[in-house]
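Undergrad: Provided herewith is a single structure, encoded as structure tokens, for subsequent inquiry.
Values quoted throughout were computed directly from the atomic coordinates according to the rules given, and no laboratory measurement underlies them. As the structure is a computational prediction, the values presented were derived from the model and not from experiment. Neighbour counts are summed over all protein chains in view; Cβ atoms, including those assigned to glycine, are modelled from backbone coordinates with ideal geometry.
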Amino acid sequence: MKTFVITLLFLTGTCLFAQQPFELPLWSNGASNSNGQVNEKQQSENDKVNNITVYLSSKPNGMAIIMCPGGGYSGLAINHEGHDMAAWFNTQGITYIVLKYRMPN
């Protein structure tokens, strides 16, 4: 039991040192080829912002993956095809990057 508690405390402590993800915008004034039309399926102003979210591993192995989740024309599949997988890749030492993109109009 003592070994289990020590192991549990150790694993809990490693979560505290995990890197926080950060976002980098791709365009400051929107996409250069936009004609200003808005798809009615866009749920919020935030859906029109293109960026990348970088999840750095606490023990990087020199590898990185850029994930481009599906749903470019009709919706965002960014959570279950993007952000939700970051923790697993980080445990493997892989830097995980999620590209949030929209198709032109």
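Undergrad: If each residue's Cβ is checked for other Cβ atoms within 10 Å, how do THR91, THR53 rank with the fewest at the top? Please list the in-between numbers first.
TA: On the way: THR91 13, THR53 18.
Ascending Cβ contact count within 10 Å gives the list THR91, THR53.
Undergrad: So, one more: I'd like the Karplus ³J(HN,Hα) series for the range 93-100: coefficients 6.51, -1.76, 1.60, θ = phi - 60°, whole numbers in Hz, and an x wherever there's a Gly or Pro.
TA: Those phi angles translate into x, 9, 6, 10, 10, 10, 8, 9 Hz.
Undergrad: Round to the nearest 0.05 the FRET efficiency obtained for LYS59 and TRP27 when R0 = 25 Å and r is the Cβ-Cβ distance.
TA: Working: r = 33 Å, r/R0 = 1.31.
Using R0 = 25 Å, I get an efficiency of 0.15.
Undergrad: Could you put SER58, SER28 in order, starting from the residue whose Cβ has the fewest other Cβ atoms within 10 Å? If you can, show how the numbers build up before the last one.
TA: Details: SER58 12, SER28 5.
Ascending Cβ contact count within 10 Å gives the list SER28, SER58.
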